[in-house]
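Visitor: My questions all concern the structure below.
The values are calculated or read from the model by the stated rules, or taken from the named source; none is laboratory data. Predicted model only: the values in this text are computed from it and were never measured. Backbone-built Cβ (ideal geometry, glycine too); neighbour counts: all protein chains shown.
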Amino acid sequence: MYVEGIGVNEQREWIIRNSKGRKFVYDSAAEAFGELDEYGPGATVLTRRISRGMFRKKPIEDWQVVESF
């Protein structure tokens, strides 16, 4: 686990990227997969781990495609 400073925690960030490359942010995998059908064919769910502090967030890993929930 990556920890840097007081009040920093590690979380997952979820997005849907549609076929045109536009990104939509979600709070959880369940929420992202629940909305996936609305973005049409070619839309994918992506996730990454981030370290979130009081004033900034730092990616720990790159975006990865998630096939199913």
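Visitor: I'd like the full set of residues that are on the phi < 0 side of the Ramachandran plot and more than 11 Å from the chain's Cα centre (by Cα), limited to region 13-30. Please lay out each step first, then the result.
Guide: Kept after step one, since they are on the phi < 0 side of the Ramachandran plot, are these residues of region 13-30: 13-20, 22-30.
If the condition is that a residue be on the phi < 0 side of the Ramachandran plot and more than 11 Å from the chain's Cα centre (by Cα), then Asn18, Ser19, Lys20, Arg22, Ala30 are the ones that fit.
Visitor: Follow-up. What pairs come out if I take residues in region 29-41 that are part of a helix (DSSP H, G or I) and pair them with residues that are surrounded by 10 or more Cβ atoms within 10 Å (Cβ to Cβ) and of a type in the set (Gly, Ala, Ser) whose C-beta lies under 7 Å away, six or more apart or interchain?
Guide: So the pair list comes out as Leu36/Ala43.
Visitor: Next question. Among the residues of region 46-69, write down those that are of a type in the set (Gly, Ala, Ser) and closer than 15 Å to Tyr26 by Cβ.
Guide: Initially, region 46-69 is screened for residues of a type in the set (Gly, Ala, Ser), giving 51, 53, 68.
Scanning region 46-69 gives no hits.
Visitor: A follow-up question, please. Suppose we filter Glu4, Glu38 for residues that are at pLDDT 90 or above and surrounded by fewer than 11 Cβ atoms within 10 Å (Cβ to Cβ); which single one remains?
Guide: From the options Glu4, Glu38, the qualifying one is Glu38.
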